[in-house]
Amino acid sequence: MIQNDQELKATLNRIERFQKQVEKLQQVETNPRNYELSAGGFLSEIDRMNLEVAEYLSVHSSELIKPIADTVSIKTDDLIFHSSTWHGWGISLQAVSL
């Protein structure tokens, strides 16, 4: 998932490169079946990336997850709990066995 404007820009650039690759395949591939097989992966990836772009753009910037540099580790018996505070999402705990 796209998490910031820099990743958004990189994804949009990747979409553009994939589209150009498909356009080139249309020009050079003479067999329709080979074109379909060659372009299919690119087209699927373009669709997936476009969905990520739409999802990122549908969320207001104030609602995006932004980590706070506040991490605490607590050792209890044979487990270590790593706690991280995330803006807008509360606390996330992860247990790790020793």
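A few comments on the model shown:
Quick grid of which residues meet (1) surrounded by 11 or more Cβ atoms within 10 Å (Cβ to Cβ); (2) assigned to a helix (DSSP H, G or I); (3) out of contact with any Pro (no Cβ under 9 Å at 6 or more places or on another chain):
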{"site": "K9", "(1), (2), (3)": "yes, yes, yes"}
{"site": "R14", "(1), (2), (3)": "yes, yes, yes"}
{"site": "F18", "(1), (2), (3)": "yes, yes, yes"}
{"site": "R33", "(1), (2), (3)": "no, yes, yes"}
{"site": "S38", "(1), (2), (3)": "yes, yes, yes"}
{"site": "E52", "(1), (2), (3)": "yes, yes, yes"}
{"site": "Y56", "(1), (2), (3)": "yes, yes, yes"}
{"site": "V59", "(1), (2), (3)": "yes, no, yes"}
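- Filter pass, I91 being modelled with pLDDT under 50, farther than 17 Å from L12 by Cβ and part of a strand (DSSP E or B): yes
The values are calculated or read from the model by the stated rules, or taken from the named source; none is laboratory data. Predicted model, so just to flag it, every value in this text is computed and none were measured. Ideal geometry is used to build each Cβ from the backbone, glycine not excepted, and the neighbour counts take in all protein chains shown.
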